[in-house]
């Protein structure tokens with residue numbers, strides 16, 4: 001029986017694995033032989049973490065005068081009062097130590113001359129909503145370089161990985177987690193892995209906005225759905241952040257670093273229409289209004305000059321050339337806002353333990369640790385997965401020391417085997433891929449940047465109709481091995497499970513706050529300065 005099972009091999013999961021391994025070697029706490037396994041749906045280097053390009057916040061004061069108190073204040077302001085200030089303080093206070101730790105394991109942050117001969121400090125840039133240049137970066141590959149360094153460090157520590165295993169369900173007994181069940185994608189076998197502690201680090205649910213999101217298809221909220229089914233709580237599901245600048249045709253992210261380095265937002269009249277470094281919710285809504293008024297919107301970085309662009313934003317140049325066939329050093333970049341980040345998710349306590357399931361912890365975008373509130377501050381996502389990833393790893397290992405090593409029965413495993421078998425026998429008269437595309441369109445148009453109760457109610461009816469049609473949705477590929485059709489079907493089932501939680505929460509919140517902007521209720525209402533928490537009950 002494992003000490004710690006980590007589900008998800010992105011930045012949060014890898015940080016948790018390294019921390020659990022590290023604390024297990026400390027005298028008086030462990031013997032250095034903790035059994036830790038990281039299980040991923042794909043491979044660690046494919047994680048959504050690699051898409052966090054712009055930087056990671058930490059009040060180092062290398063470029064501007066800065067202080068942790070300012071970072072805390074910016075985060076609370078961006079959250080529009082819907083955060084837990086104690087958790088925010090913990091995250092922001094830990095930021096400099098997190099950067100120091102990442103440097104110690106080899107993350108190659110960009111550096112600048114600090115005025116002392118031969119000495120260079122970590123470079124920092126300003127992100128939207130920040131009062132100082134605070135985001136530590138590695139060109140515009142920050143998340144990618146952090147992710148690869150974490151993975152290399154895990155391999156050095158001999159941490160075990162199990163790739164291409166799709167999470168089916170958590171295994172619980174009397175409200176205590178005992179492990180999880182998985183579909184081995186390569187073989188088609190359903191397996192149960194027993195563990196004393198479980199960390200869910202499976203990422204967000206923004207791919208519900210299919211074709212209207214910066215996220216990979218796999219960001220389908222699998223971990224959030226598994227927690228709901230196991231009796232855990234979710235909260236703030238209505239708060240989905242829309243990134244202001246995605247490439248117009250492909251929805252590929254153009255990092256906020258492009259605006260942080262001085263890029264302009266202009267409309268088809270050639271006019272700048274907003275301060276580019278305002279919080280993301282304000283910028284996204286303003287761009288959306290320009291587009292609904294019939295204007296095209298562009299990101300303009302031509303004035304930064306080619307040498308600087310290639311030094312600081314090489315990935316943005318490559319993405320623009322590949323996906324839009326334009327050269328941003330000489331042409332305008334056509335953009336639009338699309339779904340990017342889920343602020344809500346699995347409801348956790350101060351130890352990041354899932355409310356409703358003992359011994360189960362959640363961290364990263366799948367988790368709602370109450371630090372992002374109604375609108376995440378740019379640069380805080382990478383900080384959260386490192387600072388809280390390590391915190392979750394430590395807490396999960398500590399829990400395992402005192403947890404029972406009695407394995408659960410195989411009831412959940414039997415149910416999941418039967419369920420997978422039933423999918424192969426299901427009627428397949430309705431193509432779920434078309435329904436997946438329709439769901440994305442419904443969400444973008446009716447549960448999107450600007451909402452109203454009439455459209456939200458219609459979206460709920462549309463989702464319920466899809467759920468009814470599920471009995472006629474199946475798979476065409478009957479192979480057992482490497483069946484991507486099966487995996488995508490399971491992902492769509494989770495999307496349909498989570499869709500009503502987002503819509504019902506949005507209907508219930510009759511106000512506008514951060515990323516949730518509702519027509520007819522345009523003002524923030526103090527009566528709604530609270531979290532909407534959902535839990536399944538028998």
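Taken together, the residues in the range 267-297 that are crowded, with 19+ Cβ neighbours inside 10 Å, out of contact with any helix residue (DSSP H, G or I) (no Cβ under 8 Å at 6 or more places or on another chain) and not in a helix (DSSP H, G or I) amount to 0.
Residue check: residue 428 meets all listed conditions (1) in a loop (DSSP other than H, G, I, E, B); (2) touching a residue at least 60 places away in the same chain (Cβ under 8 Å) but one, namely (2). In the set 184, 152, only one residue is free of Cβ contacts under 8 Å to residues at least 24 places away in the same chain and either farther than 23 Å from residue 362 by Cβ or in the same structural domain as residue 485 (by TED's automatic domain parsing) (or both); that residue is 184. Among the residues making up the range 298-320, those that are in a loop (DSSP other than H, G, I, E, B) and touching a helix residue (DSSP H, G or I) at 6+ places or on another chain (Cβ under 8 Å) are 301, 313. Among the residues in the range 188-204, are any farther than 16 Å from residue 7 by Cα, out of contact with any strand residue (DSSP E or B) (no Cβ under 7 Å at 6 or more places or on another chain) and not assigned by TED's automatic domain parsing to the domain that holds residue 248? Yes, because at least one residue in the range 188-204 is farther than 16 Å from residue 7 by Cα, out of contact with any strand residue (DSSP E or B) (no Cβ under 7 Å at 6 or more places or on another chain) and not assigned by TED's automatic domain parsing to the domain that holds residue 248. Is at least one residue of the range 11-23 in a loop (DSSP other than H, G, I, E, B) and buried (at least 20 other Cβ atoms within 10 Å of the Cβ)? No: the range 11-23 contains no residue that is in a loop (DSSP other than H, G, I, E, B) and buried (at least 20 other Cβ atoms within 10 Å of the Cβ).
Restricting attention to the range 124-134, does a residue exist that is touching a helix residue (DSSP H, G or I) at 6+ places or on another chain (Cβ under 9 Å), crowded, with 23+ Cβ neighbours inside 10 Å and within 27 Å of residue 421 (Cα to Cα)? There is no residue in the range 124-134 that is touching a helix residue (DSSP H, G or I) at 6+ places or on another chain (Cβ under 9 Å), crowded, with 23+ Cβ neighbours inside 10 Å and within 27 Å of residue 421 (Cα to Cα). Checking each residue in the range 328-364 for being over 23 Å from residue 250 (Cα atoms), in a loop (DSSP other than H, G, I, E, B) and either in the same structural domain as residue 295 (by TED's automatic domain parsing) or under 12 Å from the mean Cα position of the chain (by Cα) (or both) picks out 343, 344, 363, 364.
The values are calculated or read from the model by the stated rules, or taken from the named source; none is laboratory data. On a predicted model such as this, the values are computed, not experimentally measured, just so you know. With ideal geometry, Cβ positions are generated from the backbone for all residues, glycine too; neighbour counts draw on all protein chains shown.
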